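Some notes on the structure that comes next.
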Amino acid sequence: MQRAVKIAPSILSADFARLGEEVQAVTAAGADYIHIDVMDGHFVPNITIGPSVVKALRGHSDRPFDVHLMIAPVDPYVEAFAEAGADIITVHPEAGAHLHRTLQLIRGCGKKAGVSLNPATPVEAIENVIGDVDLILVMSVNPGFGGQKFIESQLAKIERVRAMIDATGRHIDLEVDGGIDPETAPRAIAAGADVLVAGTATFRGGPGAYADNIRALRGNHS
Ligand code: DX5
Ligand code: ZN
């Protein structure tokens, strides 16, 4: 089955001194979502941005803000990201004791709820909440940094998640994040992904290259 593929540039690889312009540039270059990686130096060994930056960027793009929270605890911050302008809020099962409650909290804010599987996290972790999610993110690197190598073993997981989603009969985004480039993108798509996060592969070469970079990730898929 041919699926439309969405590209979600991760602004982690953008020029942080010019973040507003960078978000505008990838929007003009064809980004479908703007992927925003939020890290706390505790759940993952890196610190990035908070709700005030999301809010500041909101006026720079009309695309959905796909906010990937790599923070623990996560519940106390969901509302702040929702108010800042997130459209999709994705959390990790390990980031709190009650995943179902966290997903309800996100939806209660009127936002789409996503759940993310680390490379070592089994698909069973989301089996009982699949009815409560709008997006499933398969991490193809360990979360924390851009520019890492795609972990091959996650292709089989993408296939399993695709089968789980299809069995629901609902549309749920299947997003893959980490090490996506023109070589790995078609393999992730073939395994069942329909949203590709790409930081390094989008932002390399500077603004003049963004449209070509995004096109290269779509391959033959629209
Ligand atoms: C890693 C982040 C990714 C990362 C992807 O923790 O969730 O979104 O920025 O970067 P690349 O595309 O460079 O692997
Ligand atoms: Zn991410």
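The values are calculated or read from the model by the stated rules, or taken from the named source; none is laboratory data. Since we're looking at a predicted model, the values are computed, not measured. Every residue, glycine among them, receives a Cβ derived from its backbone with ideal geometry; neighbour counts consider all protein chains shown. What goes into the accessible areas is simple: the full protein's heavy atoms, side chains included, and nothing from ligands, DNA or RNA. Shrake-Rupley method; radii C 1.70, N 1.55, O 1.52, S 1.80 Å.
Values as computed for the structure displayed
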{"read-out": "Virtual paramagnetic centre 7 Å along Cα→Cβ of E159, amide N under 12 Å, in segment 175-203", "value": "190-192"}
{"read-out": "Kirkwood-based Rg to Rh ratio, segment 6-218, C-alpha trace", "value": "0.93"}
{"read-out": "Charge tally in the Cβ shell below 10 Å around I11, where Lys, Arg are +1 and Asp, Glu are -1, I11 excluded", "value": "-3"}
{"read-out": "Nonlocal amide H pairs with A198, under 5 Å, H built at 1.01 Å", "value": "A8, S10"}
{"read-out": "Whole-percent carbon and sulfur share, accessible surface of the chain, 1.4 Å", "value": "52 percent"}
{"read-out": "Mean ellipticity per residue at 222 nm, deg cm²/dmol - from DSSP H runs of n ≥ 4 across the chain, formula -39500 (n - 2.57)", "value": "-9500 deg cm²/dmol"}
{"read-out": "Segments 177-187, 50-60 sorted - mean Cβ within 10 Å per residue, highest first", "value": "177-187, 50-60"}
{"read-out": "Karplus (6.51, -1.76, 1.60) ³J(HN,Hα), θ = phi - 60°, over segment 167-177, in Hz, Gly and Pro reported as x", "value": "5, 6, x, 10, 7, 10, 4, 10, 9, 10, 9"}
{"read-out": "Leading residue at positive end of dipole, the chain (Cβ point charges), from S153, L217, A167", "value": "L217"}
{"read-out": "Residue of M39, M70, M164 that the Gaussian network model of the chain assigns the largest fluctuation, springs spanning Cα pairs under 10 Å", "value": "M164"}
{"read-out": "Long-range amide H partners of S116 with built H, under 5 Å", "value": "V91, H92, L137"}
